[in-house]
């Protein structure tokens, strides 16, 4: 930046000197002062608690500061004044972008330095240095989240829209993750053979760099040993967050340079505003409310409800509650495509995933129980063996698990999966390191289970108990 831009940058900070002083004072009371009045206690745990609170403060500031920082570009009253300044758009953007970062992070760094001096009375220098590394990671994460929110704020044309879109950016990750979880649970055979709980969590982490603040806080609280500080870190996600933050920064800068003053306080119709989030919410709802697994009455109710929600979302975006043909056509296309996907998933047994069977040879022990107490007489069968020492009959028995899974998958596809009195219950427990890794359950009728039961009786480890 040239001298004019540099002076403007300094002026932005000087204009907020009273607020910065108050902010610095609050941070001093919240960290160094707390340490001073607790010198007779364990300072490390107190410092870690203060650090976690500081993470929350940074997360909030990274969310709200972009709105206040670039509010001038969203209001007719100020936009022409700022755009008329003798500073080119690039330097104007950088001054307004970096001034809040300095104002938010420098007081934290100053108070950390003061607190670090106090910590030397009770904490080793190595642990203080580790806390400093945590703080640097938090600063980088703050800039990444701040950059992402700045990008979306600059895509808006009014302060109200900027607030709504910022809230959507922050919360949509939870909505998308919930939709993925609901969809997977509705598609997977509920017998515990297939577990995909990690995918909603992965989606949640990918969609929100805020996760980095939670991960930093958890690592700080749960890890207390000297060399174990960073073992809980998800480094791959941090690199991803910083990459997304860098892309958002360049995208925000490009958007600001092209932003026109006459667009202030107009409708926000950019693809990264309402069109993105309204359609994203509709896709999530359509995945959660699967028409392929409901009757006609339920399907009609779902379609009407989704249309009303879509109408409300578009009404908020356009500040007008009118039904338009483009809106109707988009809704019809969207619900058709999503439900074709849902239908294809059901008809292909979740694209073949429901027929998956774990390889029993990867486990330390297999324990199979089969019982039916409602039969006359009731019975309970059992087989237990070590895969490495399995006999041919026991291997043949485990090969039949593929048939059990296939039968169960077809029943679920045809909406016939349910538990009836008199069904034969088969439980297969997979052990790793003496503990049960997973227990898979099957509920079958006599005909479906007969071949498996007969093979159980041929096994050398077969046990039987009859209940009269």
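The values are calculated or read from the model by the stated rules, or taken from the named source; none is laboratory data. All of these numbers come straight from a predicted model, not from anything done at the bench. No Cβ is skipped: glycine too gets one built from the backbone with ideal geometry, and neighbour counts run over all protein chains shown.
Against the test of being farther than 30 Å from residue 130 by Cβ, at pLDDT 95 or above, under 21 Å from the mean Cα position of the chain (by Cα) and in a helix (DSSP H, G or I), the options 165, 180 yield a single qualifying residue, 165. Would you mind stating whether residue 354 is crowded, with 19+ Cβ neighbours inside 10 Å and either modelled with pLDDT under 90 or under 25 Å from residue 446 (Cα atoms) (or both)? The answer is yes for residue 354.
Out of 403, 411, one residue alone is more than 24 Å from residue 437 (Cα to Cα) and outside any strand (DSSP E or B). It is 411.
Is one or more of the residues making up segment 275-287 crowded, with 16+ Cβ neighbours inside 10 Å, out of contact with any strand residue (DSSP E or B) (no Cβ under 6 Å at 6 or more places or on another chain), under 28 Å from residue 190 (Cα atoms) and free of Cβ contacts under 8 Å to residues at least 24 places away in the same chain? No, segment 275-287 contains no residue that is crowded, with 16+ Cβ neighbours inside 10 Å, out of contact with any strand residue (DSSP E or B) (no Cβ under 6 Å at 6 or more places or on another chain), under 28 Å from residue 190 (Cα atoms) and free of Cβ contacts under 8 Å to residues at least 24 places away in the same chain. Taken as a whole, segment 241-260 holds at least one residue that is more than 20 Å from the chain's Cα centre (by Cα) and either assigned by TED's automatic domain parsing to the domain that holds residue 345 or outside any helix (DSSP H, G or I) (or both). Taking the criterion of being within 30 Å of residue 82 (Cβ to Cβ) and in contact with a helix residue (DSSP H, G or I) (Cβ under 6 Å, 6 or more places away or on another chain), the residues of segment 273-299 that qualify are 273, 274, 277.
Quick check: is even one residue across segment 75-98 modelled with pLDDT of 90 or more, under 28 Å from residue 131 (Cβ atoms) and either in contact with a helix residue (DSSP H, G or I) (Cβ under 8 Å, 6 or more places away or on another chain) or surrounded by fewer than 15 Cβ atoms within 10 Å (Cβ to Cβ) (or both)? Yes, that holds for at least one residue. Might you let me know whether segment 402-425 holds any residue that is at pLDDT below 85 and either farther than 29 Å from residue 185 by Cα or crowded, with 17+ Cβ neighbours inside 10 Å (or both)? Yes; the residues of segment 402-425 include at least one that is at pLDDT below 85 and either farther than 29 Å from residue 185 by Cα or crowded, with 17+ Cβ neighbours inside 10 Å (or both).
Per the listing 33, 21, 51, the residue uniquely assigned to a helix (DSSP H, G or I), surrounded by 15 or more Cβ atoms within 10 Å (Cβ to Cβ) and free of Cβ contacts under 8 Å to residues at least 12 places away in the same chain is 33.
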